[in-house]
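Notes follow the structure.
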Amino acid sequence: MNQPIPKTELPQIKHIIAVASGKGGVGKSTVASGLAVALARNGFKVGLVDADIYGPSIPRMFGIEDARPEVTTNGNTDLMFPIEKFGIQIMSIGFFVDKGQSLIWRGPMAANAITQLIENTNWNGIDYLVIDFPPGTGDIQLTILQKYNLTGAVVVTTPQEIALNDARKATAMLTNNDLKVPLLGIVENMAWFTPAPHPDEKYFIFGQGGGQTIADEFGTRLIGQIPLVMELGEAAEKGQTAFHVINHAVVSAFETMASAIAEQTA
């Protein structure tokens, strides 16, 4: 029987929330960034770690691609200072590599890099550290889940059956007997399409009820349904957040999500 790995304590952080998905393209980074902003708008001190080493997108979504964190030396350790935007302390490998540069690293190197981003950053009294996982169930996810005491996790899916199958794998990883990360809820992204001229209309172009299906299977809650609206993608391209989108359903979805997280972790 494997001995449990001792957890690394992070005294400057109260809660760690993982945002995971079984596959790419479901809007996981959109959910992670929107959740972080919503929590900050509710008065919490929030940090956001972009754990997608191979495809970091958080710097682009916050309009800080050219930012470079200040780094100081503390003994034998380099201490990094997060970039702040919209009241959120942000750290990403994307701050340290050029936009067009690819990282050709094996799993252990990527896992080591993410632990440095988390442990060697000078977080300033964080209530919630939101970690935007890479898609899938690989080395980076396992390193974080085994090394730190997570308060809980959110799984992001879209309504299609193929996305649900991958979401099941991510959820099964989190609830594995050796990991046992509390599920805080399922978020269904692209739940329906709403055309801008008709904000009250809903077209379920990817199917319906997938998020609730996963929630029911794993005994957790569906804590958010985010509609597919063009403005949300446009906002991300401009370095803006979901709260810059003039769409009540989008804003309400992230507010509901943040309230569900705060309620369960109070």
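The values are calculated or read from the model by the stated rules, or taken from the named source; none is laboratory data. Keep in mind that what you see is a predicted model, and the values were worked out from it rather than measured. Cβ placement follows ideal geometry from the backbone for every residue including glycine, while neighbour counts extend to all protein chains displayed.
Looking across region 238-265, just one residue is in contact (Cβ under 8 Å) with a residue 12 or more places away in the chain, in a helix (DSSP H, G or I) and among the charged types (D, E, K, R), and that is GLU255. Meeting the requirement of 1 or more residues that are within 16 Å of the chain's Cα centre (by Cα) and β-branched (Val, Ile, Thr), the strands (runs of 3 or more DSSP E) wholly within region 70-128 are 88-92. Are any of the residues in region 115-125 modelled with pLDDT of 95 or more, closer than 27 Å to SER259 by Cα and in contact with a helix residue (DSSP H, G or I) (Cβ under 8 Å, 6 or more places away or on another chain)? Yes, that holds for at least one residue. The sole residue among ASN189, ASN124, ASN177, ASN165 that is surrounded by fewer than 15 Cβ atoms within 10 Å (Cβ to Cβ) and within 24 Å of VAL37 (Cα to Cα) is ASN124.
Could we say that PHE218 is surrounded by 15 or more Cβ atoms within 10 Å (Cβ to Cβ), under 24 Å from TYR148 (Cβ atoms) and of a type in the set (Phe, Trp, Tyr) here? Judged against the criteria, PHE218 is a match. Residues considered: GLY219, GLY210, GLY185. Of these, the only one that is more than 18 Å from the chain's Cα centre (by Cα), of a type outside the set (A, V, I, L, M) and at positive phi is GLY219. Search region 53-77 for residues that are within 21 Å of GLY87 (Cβ to Cβ) and pair each with any residue that is modelled with pLDDT of 90 or more and of a type in the set (D, E, K, R) when their beta-carbon atoms are under 6 Å apart and the residues are at least 6 apart or on different chains. Note: pairs meeting the criteria are PRO56/ASP50; ILE58/ASP50; PRO59/GLU65; PHE62/LYS85; ILE64/LYS85. Residues that are surrounded by fewer than 24 Cβ atoms within 10 Å (Cβ to Cβ), over 17 Å from the mean Cα position of the chain (by Cα) and not small (Gly, Ala, Ser) occur at least once in region 42-53. Selection of first residues in region 187-201 that are touching a residue at least 24 places away in the same chain (Cβ under 8 Å) and within 23 Å of THR157 (Cβ to Cβ) and of second residues that are of a type in the set (A, V, I, L, M) and in a strand (DSSP E or B), restricted to Cβ pairs under 6 Å at least 6 apart or on distinct chains, gives the following pairs, ordered by first then second residue: VAL187/VAL154; VAL187/VAL156; ASN189/VAL156; ASN189/ILE226; MET190/LEU228; PHE193/LEU228.
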